[in-house]
Amino acid sequence: MIKKVSLLLLLFILFSKQALAHTSLEDSTPKDGEVMTEPVRELTLIFGTKVEQNSRISVSNSNGEPVKLGNFVIEEEEMWATFLQPLKNGNYKVDWEIIGADGHPIEGKFSFSVVVPNDKATVESKSETEEGEPKQVEDSKSSNKTKQEVQQSNVPSYIIPSIIVVLFVVVTGSSLWLLRRKK
């Protein structure tokens, strides 16, 4: 009996982390902590799984005011949004919530800064108003893709499996104690 319980406990521990594993943000443009020196017109997030259509992105400035987004597109594992106007100099926070292919909601956040020299921003906004259309922006998909860590929640990943294992041990121990007591 004890061997069976031990084997069951071992199997449970081995597979519990895999069952609780979720995807995360693999890349973004701008990246977490990046200081952008060119006007920012688009935000791109790339995940390790297909992203469901009811996912969302929100961007806010250092005062906590939301930044209005233009087009918002979700395709496979990518989400991107355009800004109605290039972002002004300052700090920005991006909050994202997705539902991955496994059906679990995942959320995270990161921040970046924009520091565009005044003459670049002035020249660019003048050319936009004169032409009526924004200038072409470098394709963000062609940029180098590197992994980054993103905070997914406030709970460390080992807490939930640990709680489950402790509960399993308590229930199993209580059951064995009750069985011995009845004899």
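The values are calculated or read from the model by the stated rules, or taken from the named source; none is laboratory data. Bear in mind that the values here come from a model prediction, so they are computed numbers and not experimental data. Counting neighbours? That spans all protein chains shown, and the Cβs are built from the backbone with ideal geometry, glycine included.
If you go through the range 98-112, how many residues are under 18 Å from residue 30 (Cβ atoms) and among the acidic types (Asp, Glu)? Break it down stepwise before answering.
Restricting attention to the range 98-112, the residues satisfying the condition of being under 18 Å from residue 30 (Cβ atoms) are 108-112.
Filter again for among the acidic types (Asp, Glu), leaving none.
Total satisfying the criteria: 0.
Kindly list the number of the only condition in (1) modelled with pLDDT of 90 or more; (2) part of a helix (DSSP H, G or I) that fails for residue 18.
(1)
For the range 21-32, which residues satisfy the criterion of being modelled with pLDDT of 85 or more, assigned to a loop (DSSP other than H, G, I, E, B), in contact with a strand residue (DSSP E or B) (Cβ under 6 Å, 6 or more places away or on another chain) and surrounded by fewer than 20 Cβ atoms within 10 Å (Cβ to Cβ)? Break it down stepwise before answering.
Let us first name the residues in the range 21-32 that are modelled with pLDDT of 85 or more, namely 25-32.
Remaining after also requiring assigned to a loop (DSSP other than H, G, I, E, B): 30-32.
Those left that are additionally in contact with a strand residue (DSSP E or B) (Cβ under 6 Å, 6 or more places away or on another chain): 30, 32.
Selection gives 32 alone.
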